[in-house]
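Visitor: Shown below is the structure under consideration.
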Amino acid sequence: MGSQTQRHEEDGFGQDLIEQMEDHAKVLHVFDEGQDIALDLHEKLLSEETRQRALAFLQSPRYASAIEKYERLTTGPVDVPEAGA
């Protein structure tokens, strides 16, 4: 029996495709989290907890990483400016 990697390659799922699918999944996860926060802001705009959650999310490394992954997946490599630059 072949390894799982060999089976994926035989089925047309090479390592590059698997990595791309993982990147898409990570971007979608961050997008879902952003949608949840947007809904909370809509419902509880004046809540300090919601505002802090939104700020923490927008400043998080996973949000910045998702932006970079999205840009790379949709347009190819691009230079993303540093925060505060």
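The values are calculated or read from the model by the stated rules, or taken from the named source; none is laboratory data. This structure is a prediction, so every number in the text was calculated from the model and none was measured. Neighbour counts are summed over all protein chains in view; Cβ atoms, including those assigned to glycine, are modelled from backbone coordinates with ideal geometry. Surface areas here come from the heavy atoms of the whole protein model, side chains and all, with no ligands, DNA or RNA. Shrake-Rupley method; radii C 1.70, N 1.55, O 1.52, S 1.80 Å.
Visitor: Is it true that GLU71 is without any contact (Cβ under 8 Å) to a residue 24 or more places away in the chain and open to solvent by 100 Å² or more (accessible area, probe 1.4 Å)?
Guide: When the stated conditions are applied, GLU71 does not pass them.
Visitor: Taking the condition open to solvent by 50 Å² or more (accessible area, probe 1.4 Å) and at pLDDT below 90, does TYR63 pass?
Guide: no
Visitor: Mind checking which residues of segment 22-51 are of a type in the set (A, V, I, L, M) and open to solvent by less than 100 Å² (accessible area, probe 1.4 Å)?
Guide: Within segment 22-51, the subset of a type in the set (A, V, I, L, M) is 25, 27-28, 30, 37-39, 41, 45-46.
Selection gives ALA25, VAL27, VAL30, ILE37, ALA38, LEU39, LEU41.
Visitor: Shifting gears a bit: Do you know which residues across segment 34-76 are within 17 Å of GLN20 (Cβ to Cβ) and touching a Lys or Arg at 6+ places or on another chain (Cβ under 8 Å)?
Guide: SER65, ALA66, LYS69
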